[in-house]
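Inspection log for the structure reproduced underneath, given as structure tokens.
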């Protein structure tokens, strides 16, 4: 099982109150969730983490997938990061990890709040798929001709996403490529913890159709669309909706299903 390096984190809220863990998106940090945690301070003890490799937390020694992240975070939770089953709030990449936790370690969770979460492939029309394949072919062809790092970086900036480009700068390219290729569709039906999915109506990175499909596949899941928000503004403009979803999970009776033993990656 993957072991977490030292996790940088802060705690906001009331000692002895029910626990909430906030996990940020790719390339971000615990700071994204400070306003939401402050809104929950009277009723919750919130732990805001920098995921391994981000913020002030060192990267894993190996190229982790999201199952490795989930197992490491489960070990940290059992080791005292939080007390009792927690509500996991995950944005984007943090949502990917939350989905894994809910399948592999459901006994640790009182609920899931997935904000603009990734985890399954986007549905794309055939024309978009063909354009993507053409761009990938062009990139591979030109990459083979690149003569130095500067030329390669220029190609990546031209053809790659912002996260792909940033992953090289952060020394996380291996982890990025491993996690971005994952498809958790087959596991969604195994999630038993209460789940709310919140997406920005204007999100082009993890569009609402992604959340609707996941909500249909997760038993009893609730889907919420916040029309004015995009992938990042949903954290700010949607913080009251996120806090409300957390409060609903904290107020619900907590069941503790047996953990599902799983080996290796997804």
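The values are calculated or read from the model by the stated rules, or taken from the named source; none is laboratory data. Everything numeric here is computed off the predicted structure, so don't read it as measured data. When we count neighbours, we look across all protein chains shown, and the Cβ atoms used for this are built from the backbone with ideal geometry, even at glycine.
Worth a mention:
- Residues of the range 78-96 that are surrounded by 24 or more Cβ atoms within 10 Å (Cβ to Cβ) and in a helix (DSSP H, G or I): 93, 94, 95, 96.
- Summed over the range 6-35, the residues that are touching a residue at least 60 places away in the same chain (Cβ under 8 Å) and under 25 Å from residue 172 (Cβ atoms) give a count of 12.
- Some residue of the range 63-82 being under 24 Å from residue 233 (Cβ atoms) and within 15 Å of the chain's Cα centre (by Cα): no
- Complete set of residues in the range 163-172 that are in contact (Cβ under 8 Å) with a residue 12 or more places away in the chain and exposed (fewer than 14 other Cβ atoms within 10 Å of the Cβ): 171
- Flag if residue 186 is under 12 Å from residue 120 (Cβ atoms), part of a helix (DSSP H, G or I) and more than 17 Å from the chain's Cα centre (by Cα): yes
- When residues in the range 199-214 are screened for being closer than 19 Å to residue 189 by Cβ and surrounded by fewer than 20 Cβ atoms within 10 Å (Cβ to Cβ), 3 of them pass.
- Evaluated against (1) surrounded by 15 or more Cβ atoms within 10 Å (Cβ to Cβ); (2) within 15 Å of the chain's Cα centre (by Cα); (3) part of a loop (DSSP other than H, G, I, E, B), residue 196 falls short on exactly one condition, (3).
- Residue 175 in contact with a helix residue (DSSP H, G or I) (Cβ under 8 Å, 6 or more places away or on another chain), surrounded by 15 or more Cβ atoms within 10 Å (Cβ to Cβ), touching a residue at least 60 places away in the same chain (Cβ under 8 Å) and in a helix (DSSP H, G or I): yes
- Options 33, 54: the member that is under 17 Å from the mean Cα position of the chain (by Cα), in a helix (DSSP H, G or I), assigned by TED's automatic domain parsing to the domain that holds residue 109 and buried (at least 16 other Cβ atoms within 10 Å of the Cβ): 33
- Residue 40 being touching a residue at least 24 places away in the same chain (Cβ under 8 Å), in contact with a strand residue (DSSP E or B) (Cβ under 8 Å, 6 or more places away or on another chain), closer than 18 Å to residue 179 by Cα and buried (at least 20 other Cβ atoms within 10 Å of the Cβ): no
- Odd one out for residue 25 among (1) outside any loop (DSSP other than H, G, I, E, B); (2) in contact with a strand residue (DSSP E or B) (Cβ under 7 Å, 6 or more places away or on another chain); (3) buried (at least 23 other Cβ atoms within 10 Å of the Cβ): (1)
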